[in-house]
Amino acid sequence: MSSQTQQLNGDHSPGRGATWVVATVLVVVIALAVAANTVVALIAEDLGASSDFAPLTLPVYGAFTAVGVIAGWLGWRIVLRRAARPRTVLTVLVPVVTALSLAPDLLLLALRFIPGTNPASVVALMVMHVVVVALAVPGYLIATRRQQLPVPAPTASVAAVA
């Protein structure tokens, strides 16, 4: 069955090759996001973030970055498969989820429940969230094209978050 026929029939199952391409895209996104977040962590330390602040250590932010990219991809796929207007949904959902992801950081700043918390460390975490979104959304667009799913065009609000 051709990919065009699959799309018309609503069969969006990727072929084996497309699955590997998507996995590769996600691994590249994770690697780029971890590298960018490493720069953020180093800058944060220079600006006064405590070296004892565990969330700014590679094992912690690396794991959370990977989980965030994969969870985002799963959410992206759900929206593409189930929403009548995925572009509209993603245009709203991406900025809203990004904003909501900052709430725990604000609580951390207020309650300081992790040793070494200070404004520089919390701002770094918030920047890391935006960095991941900025790299993940274009990666999701590339991966979506590879799977031949309906691709939502980037809009101003998605681009603004990225």
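The values are calculated or read from the model by the stated rules, or taken from the named source; none is laboratory data. What you see is a predicted model, and the numbers here were worked out from it, not measured in a lab. Every residue, glycine among them, receives a Cβ derived from its backbone with ideal geometry; neighbour counts consider all protein chains shown. Ligands, DNA and RNA are excluded from the accessible area calculation, which covers all protein heavy atoms including side chains. Shrake-Rupley method; radii C 1.70, N 1.55, O 1.52, S 1.80 Å.
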*In terms of the Cα gyration tensor, with a ≥ b ≥ c the square roots of its eigenvalues, is segment 77-151 rounded because a/c is under 1.5, prolate because a/b exceeds b/c, or oblate?*
prolate
*asked:* Using a 7 Å offset from Cα along Cα-Cβ at V60, what residues in segment 102-146 end up with backbone N under 11 Å from the label point?
replied: 113-118, 121-122, 125
*Gyration tensor verdict on segment 56-108 (Cα atoms; rounded if a/c is under 1.5, prolate if a/b is larger than b/c, oblate otherwise)*: oblate
*How far is the Cα center of segment 59-110 from the Cα center of segment 118-141, in Å?*
11
*Whole-number accessible area per residue in Å² for segment 89-136, which is evaluated in the context of all protein chains at 1.4 Å*: 50
